[in-house]
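The structure appears right after this line, and notes come after that.
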Amino acid sequence: MVIADYGEGFENYMDIMNETGFGFAQVWALLASGFLVMAVTAELMGMAIIAPASRCDLKTDQIKITTLNCSAFIGVIVSSYFWAVLADTYGRRWVLLLSTSISTCLSLTSALMPTFPLFIVMRFCVGLFIAGPSFAAVTYLAEFCTFDHRHIIIVYMAMFQGFAMVYCPAMATLFIHQKWTYDLGFIVYKPWRLLMLLNSLPGLIGIVLLIGLPESPEILLCTQRKQKCIKVVKWIYRVNKRKEMDWNIEPEELSCPGYRIVDKQNCVELMNQGRPLFKKPYVVPFLSSCVVMSGLFFLCNGLGIWFTDLRNRRIDKDLELYTICGNMGRFKKFYSEVDRCQVTLQSFRDSMLLGATYLIMFTGVALLLRSVSAKIIVVALLILCFPLGAVLPWITHETATSVVFIIFLAIPNCLIALVSGIVIEFTSVDLRGKALCLCILIGRSGMVTGTFLVGYAMDANCELTYTLFGLYPLVCSVVTVLLPGRWKCFRLIANQPKLRARSSSVMSTWSMQHRSQIYNAMLKK
């Protein structure tokens, strides 16, 4: 592994990428990446609906449902770094196609499992492969765009999580209460098994869209496939401008900053490629990003995967007289007096409203990013999240409870995209996949912690559990202060001392107000 400086070669690459503009090529990549992200959300969060619905067929209790909800997440945690190394070594598109195809096949197979042990093993295997698109889709899309467009397009891609959160409960509303069954001999096929098939459709659509797209040009450049990189850049230009690029550039005129792989390496050396993230200048911003990401996943997914189940643990009679915890206590008493197979999920309205709120919030954040730093947005929204979580377990009005709960979950989910964008911006290309992967991996560890916390502690002490979730945004907002701002991100990937000095000089020039002016000056001054 050698170090390449941030010299004229990469400036040439940025120049030709700027010439391609923003158009249908980026929109195509956005749709492909978006459907892959939608597939990840549908596979992981869709179990929040399927696990309670499968209770009788698989003979599960609360502990088994908690384990089932976490099984795919644990698979993601186990395999994420492996996929990150492959993505940074061989390419993003190859990893996306391979991992999504296998995870889709395994998901369809898991719907046919007759017993709980087999079902949970298959869901774990789904997690092993769905880990690929869970982070590689973001880096793939980001590298199709110029520096100025990355933050906003990542937020638009994250909006597909909102589509998934509307899609899953909408499909459940149509099918989960149907009474039809088909005896296949080894299993009785019921509507909850059909939902697993429907949750796999976004992944299939994403694969079809990805087949027509090339590899990321930036990863081709940094893995010494410069001729292919030039062809991809010209393809982007042709798709966007509807004409051929007349800018002739030779492969030797291009170079990639940062570390790059130049020789074949053994497995240990490949796994050690992430070590620069734990050294200066990356260590502080990277570890800060990991802590913040862990808190965001702890909040939005650790609690969010139980959202549908928690909102349905209530008795309609005298609903307005009790807090959310009071209604859960009444439901538990009612539940113990009836046959559990007769208790079904009553409504998915709140789940669909949660998905719609995601979409609204992502749109608002995308608009804010045009004039406000991502770091400032993260801090401000986390501080707003704190009072919402603090009052949640004490509200008695049912509509107010739904609104506060939905906003409390939507805010951290939206911020995951912003923190991912910050990680992408302060890391060089060869470290980008591993950095984002490790950050999301630690985040999913927080999510598993949150999921187990709700599964085991919510019934024991509901108010304390909600209070813990309410305090966590305050902790995250303090750590967020350590994240690098937009231009510090750029300076972190600049290895040449003269460019660092140049960037400091340009940033101190108050006459330049527009971001693109500052960015172009840093590269071309």
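The values are calculated or read from the model by the stated rules, or taken from the named source; none is laboratory data. All of these numbers come straight from a predicted model, not from anything done at the bench. All Cβ positions, even for glycine, are placed from backbone atoms using ideal geometry, and neighbour counts span all protein chains on display. Heavy atoms of the whole protein, side chains included, go into the accessibility calculation; ligands, DNA and RNA do not. Shrake-Rupley method; radii C 1.70, N 1.55, O 1.52, S 1.80 Å.
Miscellaneous remarks
- All of (1) within 25 Å of the chain's Cα centre (by Cα); (2) at pLDDT 70 or above; (3) surrounded by 14 or more Cβ atoms within 10 Å (Cβ to Cβ) hold for V284 with one exception: (3).
- So F124, is it in contact with a Leu (Cβ under 8 Å, 6 or more places away or on another chain), in a helix (DSSP H, G or I) and at pLDDT 85 or above: no
- Among the numbered conditions (1) among the hydroxyl-bearing types (S, T, Y); (2) assigned to a helix (DSSP H, G or I); (3) more than 20 Å from Q161 (Cβ to Cβ), the only one that T396 does not meet is (2).
- Condition met for L353 (free of Cβ contacts under 8 Å to residues at least 40 places away in the same chain and either assigned by the TED database to the domain that holds Q178 or open to solvent by 40 Å² or more (accessible area, probe 1.4 Å) (or both)): no
- Each residue in segment 425-454 was checked for being buried (at least 24 other Cβ atoms within 10 Å of the Cβ), of a type in the set (V, I, T) and within 16 Å of the chain's Cα centre (by Cα), and 1 of them qualify.
- Whichever residue in segment 59-76 is hydrophobic (A, V, I, L, M, F, W, C) and open to solvent by 40 Å² or more (accessible area, probe 1.4 Å) and, among such residues, is farthest from the chain's Cα centre (by Cα): I63
- Residues of segment 174-202 that turn out to be open to solvent by less than 40 Å² (accessible area, probe 1.4 Å) and not in a loop (DSSP other than H, G, I, E, B), as a count: 9
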